[in-house]
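Here the structure is laid out as structure tokens; the discussion comes afterwards.
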Amino acid sequence: MIRCEELVKIYKTADLEVVALQGLDMQVEDGELMAIIGNSGSGKSTLLNMLGGLDKPSAGRLFVDGKDLLAFGEKELVKYKRETVGFVWQNNARNLIPYLTALENVELPILLKGRRRRARAIELLEAVGLGHRLKNKLSELSGGEQQRVAIAIALANEPRLLLADEPTGSLDTKTSEQVLDLFRNLNQTLGITVVIVTHDPLLARKVDRVVQIRDGKTSAEMIRRESYADELARLDAEHLQAEQKSHIEYAVLDKAGRLQIPAGYLDAEGFKDSNKVRVEMEEGRIILYPQEMMP
Ligand SMILES: Nc1ncnc2c1ncn2[C@@H]1O[C@H](COP(=O)(O)OP(=O)(O)O)[C@@H](O)[C@H]1O
Ligand SMILES: [Mg+2]
């Protein structure tokens, strides 16, 4: 569904350049539910905006659903944004109009007309669990319910890809979990590919794959040992929260052979004192040793 290769984004302002993405590689399979984590300023929103066609990469290659986004003209970009992707933000004020009802908000972006439009809007609100709130004004809904309306809107034109930038950022833990459960549910029932940016490691742990971004590059990947659905069948939800070993962590090795060592590992004895490591191949394993101190 998504293939980014050596993606670069440089923001130029009056007197300074910010390199937000510096050669990012990432792939996402059709039908995947995955999360992107990373510190503030690491380039998560920049990446999501590129994927959503809201901004253009400075260099690299970017394919979504078989389409080359760097080759798009203005018209193709508008069509792409309307038909291929749906977007959910942290701050739902960006998606919603407070004085309209939930139903009216969802009807707005639907391209169908008349009765079919209304029927589709009701269907979408039912799909996100808001069938009982159709006639409520947005301002009468809770934060979690408003975010559900935003998700219904993002689904309005049956996108193949749903992008969510910190969709639970302003919600409490329990509501966040419910919203994440909704994403998983939509992923399973509609087969839609879902990419969620979150800073909450607990939420990230509930998806099958987590990609970590550091300084505009992918630095690590966490892949589930068993699918979340299988694990849920085995454990109850509370037990799962305590479960630490649900994912295996991988460092990302790029095509040029560069590797980012997980932060804590470098605290080990000897690695702090030098910017060189000794590298040896041994029985199919690559071993790093701290540089030997001169006698
Ligand atoms: N429109 C912009 N103009 C200039 N710099 C920007 C702009 N948007 C983001 N940046 C910079 O790019 C870097 C990555 O930002 P962002 O993608 O928003 O990070 P994240 O979402 O991971 O917090 C930051 O250093 C940020 O200040
Ligand atoms: Mg961000």
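The values are calculated or read from the model by the stated rules, or taken from the named source; none is laboratory data. Remember, predicted model here, so these are calculated numbers, not experimental data. Using ideal geometry, Cβ is built from the backbone for each residue, glycine included, and neighbour counts are taken over all protein chains shown.
Mind counting the residues in the stretch 200-237 that are assigned to a loop (DSSP other than H, G, I, E, B) and of a type in the set (S, T, N, Q)?
1
Search the stretch 33-61 for residues being touching a residue at least 60 places away in the same chain (Cβ under 8 Å) and either surrounded by fewer than 18 Cβ atoms within 10 Å (Cβ to Cβ) or more than 25 Å from Asp200 (Cα to Cα) (or both), and hand back the single one that is farthest from ligand 2 (Cβ to nearest atom).
It comes out as Asn39.
Checking the conditions here, which among Leu190, Leu163, Leu203 is within 16 Å of ligand 2 (Cβ to nearest atom) and closer than 26 Å to Glu107 by Cβ?
Selected residue: Leu163, the only one of Leu190, Leu163, Leu203 that is within 16 Å of ligand 2 (Cβ to nearest atom) and closer than 26 Å to Glu107 by Cβ.
Could you pull out every one of the strands (runs of 3 or more DSSP E) wholly within the stretch 19-122 that has 2 or more residues that are β-branched (Val, Ile, Thr)?
Qualifying strands (runs of 3 or more DSSP E): 33-37, 85-89.
Considering each of Asp215, Asp200 in turn, give the residue that is modelled with pLDDT under 90, within 16 Å of ligand 1 (Cβ to nearest atom), at positive phi and not hydrophobic (A, V, I, L, M, F, W, C).
Asp215
Report, by residue number, each residue of the stretch 108-137 that is over 16 Å from Leu182 (Cα atoms), surrounded by fewer than 22 Cβ atoms within 10 Å (Cβ to Cβ) and hydrophobic (A, V, I, L, M, F, W, C).
Of everything in the stretch 108-137, those that are over 16 Å from Leu182 (Cα atoms), surrounded by fewer than 22 Cβ atoms within 10 Å (Cβ to Cβ) and hydrophobic (A, V, I, L, M, F, W, C) turn out to be Leu108, Ile110, Leu111, Leu112, Ala119, Ile122, Leu134.
Can you name every residue in the stretch 177-199 that is touching a helix residue (DSSP H, G or I) at 6+ places or on another chain (Cβ under 9 Å), under 13 Å from Gly31 (Cα atoms) and part of a helix (DSSP H, G or I)?
Across the stretch 177-199, the qualifying residues are Phe183, Arg184, Asn185, Leu186, Gln188, Thr189, Leu190.
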